[in-house]
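The values are calculated or read from the model by the stated rules, or taken from the named source; none is laboratory data. Keep in mind it's a predicted model, so treat the numbers as computed, not measured. FYI the Cβ positions are ideal-geometry reconstructions off the backbone, even for glycines, and counts take in every protein chain you see.
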Amino acid sequence: MKTRIRGGRVVDPSQRRDEVVDIVLVDGRVVDFIGPDHDGAFDREIDARGRVVAPGFVDLHCHLREPGFEDKETIATGSLAAVAGGFTTICCMPNTNPTIDTAGDVEFILATARRAGLARVIPLGTVTRGERGKELSDASEMAGAGAIGFSDDGRPVVDARLMRYALANSVRHGKPVVDHCEDPELAAGGVMNEGRVSDLLGLNGQPAAAEEVMVHRDIELARHTGGRLHLAHISTRGSVELLRAARRDGLLVTAEVTPHHLTMTEDWVLGSADFGMRNAGGVPARNPQPTFRTPAYDTRTKVNPPLRTEEDRRALVEALAEGLIDAIATDHAPHRTIDKDCTYDEAAFGISGFETALGLLLRLVDAGDLPLVEVIRRLTIEPCRAFGLPYGTLSIGAPADLVILDPGVEWTVDTDRFHSKGKNTPLQGHKLRGRVVATIVDGRVVHQVEQELSRVD
Amino acid sequence: MIESPRSRAPRTRGHGSDQGLEAKGQGSGATDKGTDQESGARGEKLLPANGRQGTQTRILASHVRPPTPGPRPPSDGWVQRQHVLDLDDFSSAEIERVFDTADSMKEVLARPIPRVPALRGKSIVNLFYEPSTRTRVSFEIAAKNLGADVVNVAAGGSSIEKGETLLDTARTLRALGADVLVVRHKDSGAPHVIAQHIDVPVINAGDGTHAHPTQALLDAYTIRQHFGHLQGLRVLIVGDIAHSRVARSNAWCLSTLGAEVIFCGPPTLLPPTLLSPEGHRPWPVESDVRLDRAVEGVDVVMPLRVQLERQEGNRLASLREYARDFAITRARLERAAPRAILMHPGPMNEGVEVDADVAHGDRSVIQEQVTNGVAIRMAVLYLLVSSVSAAERSTSPAGPLEERLR
């Protein structure tokens with residue numbers, strides 16, 4: 001099978017490539033880049049003129065809910081939502097039921113994902129059995145079976161001694177320990193960021209310090225053990241500063257940030273939200289959208305870590321721009337509608353993120369905070385470097401995982417049309433710019449927007 | 001729903017004449033310039049005998065509720081209101097209107113049989129997820145005095161215990177014919193969730209640590225009764241501010257009416273942003289961690305209930321220590337202004353946040369607060385049902401109040 005992707009602007013930060021060129025795929029590999037006049041016989045030609053072609057996005061952090069919570073999401077529906085959002089490789093968190101504690105559990109995820117046949121799904125295993133924080137899981141065995149890292153995500157590894165040993169073991173298998181940084185006592189009962197909005201609404205807040213003390217602890221333990229630490233979804237300015245200090249000391253600590261923490265703030269909980277997308281000088285973003293007001297106490301804004309302040313958001317954007325934060329990760333966390341149709345205190349934490357990630361991130365491009373190339377870099381090669389994955393690039397011989405985007409197209413978020421079972425997003429009804437037109441995994445078109453694509457010759 | 005103090009409506013009443021309550025409600029919309037232009041000279045001319053026709057376009061135009069996107073309706077003019085969730089979006093004119101209505105209700109309460117048929121045929125449902133005596137009974141008596149039917153639903157002994165969700169319960173009660181839901185819930189924002197999802201007028205009777213609008217109204221009303229006004233008065237609220245819906249609603253209500261509000265309590269019981277030196281203050285209030293300093297010269301002292309069950313050994317080392325530093329004693333009350341009054345939202349822990357002799361002393365207006373609570377809730381129920389009825393163009397909305405009270 002020989003495929004030509006014609007006329008797209010190919011943006012591949014791993015190759016420093018940003019040019020209009022045709023790509024030739026053969027048998028699931030990238031084999032050549034050719035000019036428009038190049039003749040040749042192709043089994044299939046995909047028209048990407050006027051569009052952007054990039055390596056498929058790689059998500060280091062998502063929740064697919066299977067096994068155990070198939071009413072929220074399955075590996076199949078989650079994979080479908082992923083490819084619809086342009087993600088060709090997704091790393092899923094082990095806080096399922098049962099949790100992913102053993103090599104057999106890892107194999108179950110991999111086998112189920114193969115049957116779904118969409119995105120590449122790569123599981124993380126737990127740090128501690130059952131995420132109970134009492135005894136370490138069999139990390140090396142799980143690594144051997146294909147786990148890409150270890151995390152008790154949803155909760156932190158509270159016991160500093162266990163975290164120390166988990167990091168020490170990471171030297172042995174080379175896989176990162178991914179910590180959800182949250183001091184459980186400081187954050188106890190907190191349903192949003194602690195600050196002006198939580199005071200106003202009478203909601204219990206999680207102070208930024210609850211995240212930062214754990215980030216600091218983990219960095220010191222990584223320093224002490226030489227272990228491989230990855231900080232999940234950091235959300236505060238203080239965490240950014242701690243990361244900066246760790247890097248300055250030469251520690252191999254990586255970090256990710258979510259699209260919602262890059263674009264949304266605690267004001268969304270207040271219901272007076274717009275995107276707050278202002279440049280450093282307070283200049284409104286180019287093409288500002290009309291302000292869209294959501295109701296106060298919208299439970300769909302409840303996420304952990306919580307949406308923070310504008311100051312935090314700006315620090316995250318700047319840290320991403322300067323390369324301090326390695327990767328953008330969705331923390332896709334689907335829930336049932338009834339998990340959100342309740343009071344703010346009762347509602348589940350999480351935002352269904354695959355299908356709005358690109359649209360949110362292009363707001364950063366619109367605001368002039370980050371060029372498109374940098375957004376793509378943080379969605380492709382950088383997450384792969386952080387976790388040692390062989391994807392995220394369109395170099396010759398690389399797996400033919402790629403995404404075709406139309407950054408100009410405007411669309412309105414309609415969760416009824418989500419592929420994910422999780423309809424939980426505060427973006428419902430919002431206009432976003434930029435859509436995934438087609439997604440290709442291993443040379444196969446696994447997602448395409450109807451009638452947008454290509455003709456077969 | 002929450003706006004910054006600076007952007008709030010002017011603190012003046014939007015009209016001069018007092019031609020009955022309905023007329024005032026209309027006039028109070030004077031700051032609402034947009035609709036003024038559309039409807040021409042609103043005000044006296046548009047005031048029909050039954051007080052509603054001239055308002056209908058406004059009501060319908062602004063009848064946009066979350067989650068439908070769009071700007072919230074302007075806060076002036078009670079007649080637009082579909083819910084009473086908090087006082088953060090009440091103008092002073094609107095609060096004054098509640099007070100004026102409550103004055104009429106007090107006249108009713110002074111009658112041998114304090115009943116009028118103003119809300120005859122209406123069903124008021126008290127949906128209480130938290131135990132409450134005074135607020136629930138106060139609403140019940142208020143509704144009955146107005147001739148409404150009252151149903152009390154408590155979390156215990158109902159399908160709520162069987163796991164029915166808040167929204168399903170509210171939906172069911174609406175389907176059963178509830179005209180107003182009076183909601184008390186342990187979670188902040190619970191009444192808002194109902195208001196967003198279900199087409200039923202909601203009165204917040206206390207949600208978590210967020211708001212208790214009728215309590216704040218009755219507090220302000222009681223203060224006004226004593227001083228004749230609130231402008232420039234200094235009101236000191238003492239205790240567990242962080243967990244107090246009364247303090248939050250009073251911050252809005254009292255400051256809108258021109259009073260200065262001071263929050264005082266130990267640092268562990270103050271909202272965190274009031275402690276941070278650079279943070280934005282969520283409310284237009286001052287704060288202090290030392291009662292002996294804060295109490296100097298204030299006009300109103302309002303200690304809050306210390307929630308015994310959750311504080312000791314945690315946010316508070318001991319209640320004894322708390323009482324030493326923060327109890328309202330006779331000595332401390334004497335440092336307040338000469339005519340200062342003592343209020344308490346109840347229930348009281350005598351000997352903890354307030355000494356018994358002070359609580360029952362000549363400065364105390366606590367019993368007046370309770371009595372005024374009935375009048376305020378009658379006023380709120382009456383005004384809300386009137387505005388909703390007008391909006392629905394249903395039969396016989398409550399007409400001019402004097403008529404309905406006959």
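How many residues, within the range A:317-341, are closer than 19 Å to A:Ile351 by Cβ and either more than 19 Å from the chain's Cα centre (by Cα) or among the small types (Gly, Ala, Ser) (or both)? It would help to see each step written out before you state the result.
Residues of the range A:317-341 that are closer than 19 Å to A:Ile351 by Cβ, as a first pass: A:317, A:320, A:325, A:327-341.
Within this subset, residues satisfying the condition of being either more than 19 Å from the chain's Cα centre (by Cα) or among the small types (Gly, Ala, Ser) (or both) are A:327, A:329, A:333, A:336-341.
Number of matching residues: 9.
Name the residues in the range B:279-289 that are of a type in the set (Gly, Ala, Ser) and within 11 Å of chain A (Cβ to nearest Cβ), would you?
Applying the first criterion (of a type in the set (Gly, Ala, Ser)) to the range B:279-289 yields B:279, B:287.
Within the range B:279-289, just B:Gly279 meets the criteria.
Just checking, which of A:Thr330, A:Thr301 is in contact with a strand residue (DSSP E or B) (Cβ under 6 Å, 6 or more places away or on another chain), of a type outside the set (Asp, Glu) and farther than 24 Å from A:Glu241 by Cβ? Full working, then the answer.
Working: A:Thr301 fails: in contact with a strand residue (DSSP E or B) (Cβ under 6 Å, 6 or more places away or on another chain).
The conditions single out A:Thr330.
Could you grab the pairs with beta carbons closer than 6 Å, sequence gap of 6+ or different chains, first residue in the range A:202-223 and of a type outside the set (Lys, Arg), second one part of a helix (DSSP H, G or I) and surrounded by fewer than 22 Cβ atoms within 10 Å (Cβ to Cβ)?
A:Ala208/A:Gly238; A:Glu212/A:Gly238; A:Leu221/A:Arg164
Scanning for something in contact with a Phe, Trp or Tyr (Cβ under 8 Å, 6 or more places away or on another chain), within 14 Å of another protein chain (Cβ to nearest Cβ) and in contact (Cβ under 8 Å) with a residue 24 or more places away in the chain, does the range A:180-188 turn up at least one residue? Lay out the reasoning, then the answer.
Applying the first criterion (in contact with a Phe, Trp or Tyr (Cβ under 8 Å, 6 or more places away or on another chain)) to the range A:180-188 yields none.
Looking for residues that are in contact with a Phe, Trp or Tyr (Cβ under 8 Å, 6 or more places away or on another chain), within 14 Å of another protein chain (Cβ to nearest Cβ) and in contact (Cβ under 8 Å) with a residue 24 or more places away in the chain, one finds none in the range A:180-188, hence no.
Which number in (1) within 14 Å of another protein chain (Cβ to nearest Cβ); (2) within 25 Å of the chain's Cα centre (by Cα) marks the one condition that A:Arg155 misses?
Answer for A:Arg155: the failing condition is (1).
Assess whether B:Ala93 counts as being in contact with a Gly (Cβ under 6 Å, 6 or more places away or on another chain) and at pLDDT below 95. Don't jump to the end; show me each part of the working.
Values: in contact with a Gly (Cβ under 6 Å, 6 or more places away or on another chain): yes; at pLDDT below 95: yes.
The answer is yes for B:Ala93.
Which ones in the range B:259-278 are small (Gly, Ala, Ser) and either surrounded by 15 or more Cβ atoms within 10 Å (Cβ to Cβ) or away from chain A (no Cβ under 12 Å) (or both)? Can you show your working first?
In the first step, residues of the range B:259-278 are kept if they are small (Gly, Ala, Ser); the result is B:259, B:265, B:276.
Hits for the range B:259-278 are B:Ala259, B:Gly265.
Taking the stated definitions as given, is B:Ala205 surrounded by 24 or more Cβ atoms within 10 Å (Cβ to Cβ) and in contact with a strand residue (DSSP E or B) (Cβ under 6 Å, 6 or more places away or on another chain)?
Numbers: surrounded by 24 or more Cβ atoms within 10 Å (Cβ to Cβ): yes; in contact with a strand residue (DSSP E or B) (Cβ under 6 Å, 6 or more places away or on another chain): yes.
So B:Ala205 passes the test.
Can we say B:Asp299 is of a type in the set (Asp, Glu), surrounded by 18 or more Cβ atoms within 10 Å (Cβ to Cβ), closer than 29 Å to B:Val374 by Cβ and within 14 Å of chain A (Cβ to nearest Cβ)?
Numbers: of a type in the set (Asp, Glu): yes; surrounded by 18 or more Cβ atoms within 10 Å (Cβ to Cβ): yes; closer than 29 Å to B:Val374 by Cβ: yes; within 14 Å of chain A (Cβ to nearest Cβ): no.
In short, no.
Any chance the range A:374-391 includes a residue that's of a type outside the set (Ser, Thr, Tyr) and within 14 Å of chain B (Cβ to nearest Cβ)?
Checked the range A:374-391: no residue is of a type outside the set (Ser, Thr, Tyr) and within 14 Å of chain B (Cβ to nearest Cβ).
Looking at (1) modelled with pLDDT under 95; (2) touching a Pro at 6+ places or on another chain (Cβ under 8 Å), which is the one condition that is false for A:Ile328?
With (1) modelled with pLDDT under 95; (2) touching a Pro at 6+ places or on another chain (Cβ under 8 Å) applied to A:Ile328, the lone miss is (1).
Considering only the range B:101-158, how many residues are in contact (Cβ under 8 Å) with a residue 60 or more places away in the chain and part of a strand (DSSP E or B)?
The total comes to 3.
A:Asp312 versus (1) within 14 Å of another protein chain (Cβ to nearest Cβ); (2) modelled with pLDDT under 95: which is the lone unmet condition?
(2)
Working carefully through the options A:Leu25, A:Leu60, find the one that is touching a helix residue (DSSP H, G or I) at 6+ places or on another chain (Cβ under 7 Å), assigned to a strand (DSSP E or B) and surrounded by 24 or more Cβ atoms within 10 Å (Cβ to Cβ). Walk me through how you get there before you give the answer.
Values: A:Leu25 fails: touching a helix residue (DSSP H, G or I) at 6+ places or on another chain (Cβ under 7 Å).
Step by step, each of A:Leu25, A:Leu60 is checked, and only A:Leu60 is touching a helix residue (DSSP H, G or I) at 6+ places or on another chain (Cβ under 7 Å), assigned to a strand (DSSP E or B) and surrounded by 24 or more Cβ atoms within 10 Å (Cβ to Cβ).
Would you list the strands (runs of 3 or more DSSP E) that sit entirely within the range B:215-315 and hold 3 or more residues that are without any contact (Cβ under 8 Å) to a residue 24 or more places away in the chain and over 17 Å from the mean Cα position of the chain (by Cα)? Spell out the reasoning first.
Working: elements: B:234-238, B:260-264, B:286-288, B:300-303.
By residue number, no strands (runs of 3 or more DSSP E) qualify.
Among the residues of the range B:316-339, write down those that are assigned to a loop (DSSP other than H, G, I, E, B) and surrounded by fewer than 21 Cβ atoms within 10 Å (Cβ to Cβ).
Residues of the range B:316-339 assigned to a loop (DSSP other than H, G, I, E, B): B:317-318, B:327, B:329, B:334-339.
B:Ala317, B:Ser318, B:Thr329, B:Glu334, B:Arg335, B:Ala337, B:Pro338, B:Arg339 - these are the residues of the range B:316-339 that are assigned to a loop (DSSP other than H, G, I, E, B) and surrounded by fewer than 21 Cβ atoms within 10 Å (Cβ to Cβ).
Of the numbered conditions (1) crowded, with 24+ Cβ neighbours inside 10 Å; (2) part of a loop (DSSP other than H, G, I, E, B), A:Asp341 satisfies every one except a single condition; which is it?
Just one mismatch for A:Asp341, condition (1).
Any idea which residue in the range B:343-369 is surrounded by the most Cβ atoms within 10 Å (Cβ to Cβ), counting only those that are free of Cβ contacts under 8 Å to residues at least 12 places away in the same chain and part of a loop (DSSP other than H, G, I, E, B)? Walk me through how you get there before you give the answer.
Residues of the range B:343-369 that are free of Cβ contacts under 8 Å to residues at least 12 places away in the same chain, as a first pass: B:350, B:356, B:360, B:362, B:367.
Narrowing the set further to residues that are part of a loop (DSSP other than H, G, I, E, B) leaves B:360, B:362.
Numbers: B:His360: 15, B:Asp362: 8.
Out of the qualifying residues, it is B:His360.
What is the residue count in the range A:409-450 for residues that are part of a strand (DSSP E or B) and either crowded, with 20+ Cβ neighbours inside 10 Å or in contact with a strand residue (DSSP E or B) (Cβ under 7 Å, 6 or more places away or on another chain) (or both)? Lay out the reasoning, then the answer.
First pass over the range A:409-450, keeping only residues part of a strand (DSSP E or B): A:409-412, A:431-441, A:444-448.
Now narrow it down to the ones that are either crowded, with 20+ Cβ neighbours inside 10 Å or in contact with a strand residue (DSSP E or B) (Cβ under 7 Å, 6 or more places away or on another chain) (or both): A:409-412, A:431-441, A:445-448.
Qualifying residue count, the range A:409-450: 19.
In the range A:117-126, is there at least one residue being on the phi > 0 side of the Ramachandran plot and either more than 17 Å from the chain's Cα centre (by Cα) or among the aliphatic types (A, V, I, L, M) (or both)? Break it down into steps so the answer makes sense when it comes.
Start the filter on the range A:117-126 by keeping residues that are on the phi > 0 side of the Ramachandran plot, which leaves A:117.
Going one step further and asking which of them are either more than 17 Å from the chain's Cα centre (by Cα) or among the aliphatic types (A, V, I, L, M) (or both), we end up with A:117.
Checked against the condition, which is being on the phi > 0 side of the Ramachandran plot and either more than 17 Å from the chain's Cα centre (by Cα) or among the aliphatic types (A, V, I, L, M) (or both), the range A:117-126 yields at least one hit.
Go through the range A:348-368 and count every residue that is modelled with pLDDT of 95 or more and either closer than 30 Å to B:Val183 by Cβ or of a type outside the set (A, V, I, L, M, F, W, C) (or both).
Qualifying residue count for the region: 9.
From the list A:Ser140, A:Ser170, pick out the single residue that is small (Gly, Ala, Ser), surrounded by 18 or more Cβ atoms within 10 Å (Cβ to Cβ) and under 25 Å from A:Thr89 (Cβ atoms). First the steps, then the outcome.
Working: A:Ser140 fails: surrounded by 18 or more Cβ atoms within 10 Å (Cβ to Cβ).
Exactly one residue qualifies, and that residue is A:Ser170.
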